[in-house]
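Each remark here refers to the structure printed beneath this line.
The values are calculated or read from the model by the stated rules, or taken from the named source; none is laboratory data. From a predicted model like this one, the values you see are computed outputs, not experimental measurements. Cβ atoms come from the backbone with ideal geometry, glycine included; neighbour counts cover every protein chain shown. Just the protein is used for accessible areas: all its heavy atoms, side chains included, with ligands, DNA and RNA removed. Shrake-Rupley method; radii C 1.70, N 1.55, O 1.52, S 1.80 Å.
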Amino acid sequence: MEALKGNTEEVIALANDIRANGEKINHHGKRAESVVKSMLLHSQASTGKKQPTDINALASEYLRLAYNGIRSKDNTMQVTMETDFDENIGDINIIPQDIGRVLLNIFNNAFYAMQEKVKQQVGDYAPVLSLSTKKSGDKVLILIKDNGNGIPAKLVGKIFQ
């Protein structure tokens with residue numbers, strides 16, 4: 001071992017590798033923790049009671065959960081995610097588990113549509129999902145847009161079933 005022979009460059013290189021690996025482990029550990037927390041929140045039965053909720057944080061968390069879900073099945077899937085949250089919304093009174101489930105389903109559908117378009121190898125297609133929130137009077141709008149294949153015409157009438 002070069003380190004025992006007094007090779008300080010080797011020792012420094014090894015220390016840098018250990019530090020970089022530690023940072024990666026910490027990063028992925030925090031990501032896994034976030035996914036587990038999101039899954040636990042999603043799996044909790046809804047109390048049916050509204051509670052003050054940061055809709056921006058909720059939407060962001062479920063977007064990340066859906067993306068991690070699609071990446072766990074296909075780690076080659078790369079999606080550009082654009083967010084634009086209205087910071088003036090504050091907490092709103094909702095049932096977070098119910099809204100979270102709706103968001104998760106929409107995000108999953110969007111990622112699926114983009115994944116299908118990637119499989120078709122259409123030109124220089126690059127998947128993009130945009131998520132924004134906006135306060136409009138006494139309402140809050142959540143806007144989700146993707147550049148996937150879209151909803152097949154035969155399913156459009158069944159969206160709200």
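Within the full protein context, the accessible area of Glu116 is estimated at about 50 Å² for a probe radius of 1.4 Å. Think of each Lys and Arg Cβ as +1 and each Asp and Glu Cβ as -1; about the Cα centre, that makes the dipole of the chain roughly 740 debye.
Keeping every protein chain present and rolling a 1.4 Å probe, give me the accessible area per residue for the range 69-152 in Å².
For the range 69-152, the per-residue accessible area is 63 Å².
Within the chain, DSSP assigns beta bridges of which about 70% are antiparallel (rounded to the nearest 5).
Estimated at the nearest 10 Å², the accessible area of Arg101 is 70 Å² with a 1.4 Å probe. If you take all other residues with their beta carbon under 12 Å from the beta carbon of Ser130, and give Lys and Arg +1 and Asp and Glu -1, the sum is -2.
Using 0.36 nm per residue, how much length does the chain from Val128 to Thr76 gain when fully extended, once their Cα-Cα distance is taken away?
Value of the extension gain: 17.2 nm.
When Lys and Arg each count +1 and Asp and Glu each count -1, what net charge do the other residues less than 14 Å away from Asn147, Cβ to Cβ, add up to?
After counting each charged neighbour, the total is -2.
Within 15 Å, Cβ to Cβ, of Lys117, how many net charges do the neighbouring residues add up to if Lys/Arg are +1 and Asp/Glu are -1? Cβ neighbours under 15 Å give a net charge of -2. Computed over protein heavy atoms with a 1.4 angstrom probe, the accessible surface ordering of Phe111, Phe85, largest first, is Phe85, Phe111. Accessible area per residue was computed with a 1.4 Å probe on protein heavy atoms; Val79 scores about 20 Å².
Sorted on the mean count of surrounding Cβ atoms within 10 Å across their residues, most packed first, peptides 90-99, 57-66 read 57-66, 90-99. Which residues does the label zone of Asp54 cover in the range 87-117, counting backbone N under 16 Å from a point 7 Å along Cα→Cβ? Only 87-94, 96 fall inside the zone, counting backbone N under 16 Å.
What is the set of long-range amide H partners of Thr83 at a cut-off below 5 Å, with H atoms built 1.01 Å from backbone N? HN-HN under 5 Å from Thr83: Leu131.
Got a number for carbon plus sulfur as a percent of the chain's accessible area, 1.4 Å probe? Result for the chain: 54 percent of the exposed heavy-atom area is carbon or sulfur.
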